[in-house]
Every structure is written in C-alpha cells, then in structure tokens.
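Participant: Starting off with a structure, shown below.
The values are calculated or read from the model by the stated rules, or taken from the named source; none is laboratory data. Nothing here was measured: the structure is a model prediction, and the numbers come from that model. Glycine gets a Cβ as well: all are built from the backbone with ideal geometry, and neighbour counts include every protein chain shown. Just the protein is used for accessible areas: all its heavy atoms, side chains included, with ligands, DNA and RNA removed. Shrake-Rupley method; radii C 1.70, N 1.55, O 1.52, S 1.80 Å.
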Amino acid sequence: MRPWMTGFAGSFDYTTIESEALRNNPLGDPAERPLAVYLPPQARSESSRRFPVIYLLHAMGNELESWWNRSAFRPAVPEMVDGLFAGGVPPA
C-alpha cells in the first residue's frame, strides 16, 4: 500500500449534478450534489470508446469525500479502484 496519495493510472473528473428528485425534499438536503467519475487508463488513448459503468453509492449520511478515508493498512476506495484497472481488470 502506498503510504500517501501518489499518481493514478486513471483519472478522476469531478462535477456537480442537480437532482429534481431531491428538490424540496422533507429533510431539506440540497438538490445539488458533487459527483466523481473515474476514467480508466485506456480512456486517454481511446477517447471515442464507450466503457461499461459501475456505480458506487456511499452510505446514508456520508459524503463524496468519505471514499478517500483510509483504514489501517488498507488503501482508500479510489486507490483500490485504480489499482484494479491498472492491474488488468477490464476497463470500466
């Protein structure tokens, strides 16, 4: 495991989406939410290629940034995802 964040084989794009379903919800949560998209290493050289999509949803009460939390001796989720695709798992 890397002791700190280093370069990734793929890349992450960050954006914001607005959800009509969340607008005026009873809890008062914002309808605008951050979103991270992981692009596998092949996305750079094959920009016109379409890749399968895998959705990861964080637990109730967590935020996008919680994916970057580490446990002792375990990589953060983005590090694990990048390692899988850099290690030969078919790109998604």
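Participant: Summing Lys, Arg as +1 and Asp, Glu as -1, what charge do residues with Cβ under 12 Å from the Cβ of Q42 carry, Q42 excluded?
Facilitator: In short, +2.
Participant: How much of R74 can a 1.4 Å solvent probe reach, expressed as accessible area in Å² and rounded to 10?
Facilitator: Roll a 1.4 Å probe over it and R74 shows about 130 Å².
Participant: Beyond 14 Å, what share of the Cα-Cα pairs of the chain remains, rounded to the nearest whole percent?
Facilitator: Cα-Cα pairs of the chain separated by over 14 Å account for 72 percent.
Participant: Let me ask something additional. Quickly work out the I54-to-T16 label distance, labels modelled 7 Å from Cα along the C-beta direction, and quote it in nm with one decimal.
Facilitator: 2.9
Participant: With an 8 Å Cα cut-off and a minimum separation of 6 or more residues, compute the relative contact order for region 7-92 in percent.
Facilitator: Reported as a whole number, the value is 32 percent.
Participant: Across region 15-32, in residue order, what do the Karplus-derived ³J(HN,Hα) couplings come to in whole Hz, using 6.51 cos²θ - 1.76 cosθ + 1.60 with θ = phi - 60° and x for Gly and Pro?
Facilitator: 8, 10, 10, 10, 9, 5, 5, 8, 4, 6, 6, x, 7, x, 5, x, 7, 9
Participant: Over the chain, what percent of the accessible surface lies on carbon and sulfur atoms, probe 1.4 Å?
Facilitator: 58
Participant: Okay, next question. Pick from E63, E46, E20: which is most flexible by mean-square fluctuation in a GNM of the chain where alpha carbon atoms under 10 Å apart are linked?
Facilitator: The residue that fluctuates most here is E20.
Participant: How large is the charge dipole for the chain, taken about the Cα centre, if only the Cβ atoms of Lys, Arg (+1) and Asp, Glu (-1) carry charge, to the nearest 20 debye?
Facilitator: Charge dipole of the chain: 360 debye, to the nearest 20.
Participant: Now for a different question. Going by amide H atoms built from the backbone, whose H comes under 5 Å of the H on S11, apart from near neighbours?
Facilitator: Placed amide hydrogens put L39 under 5 Å from S11.
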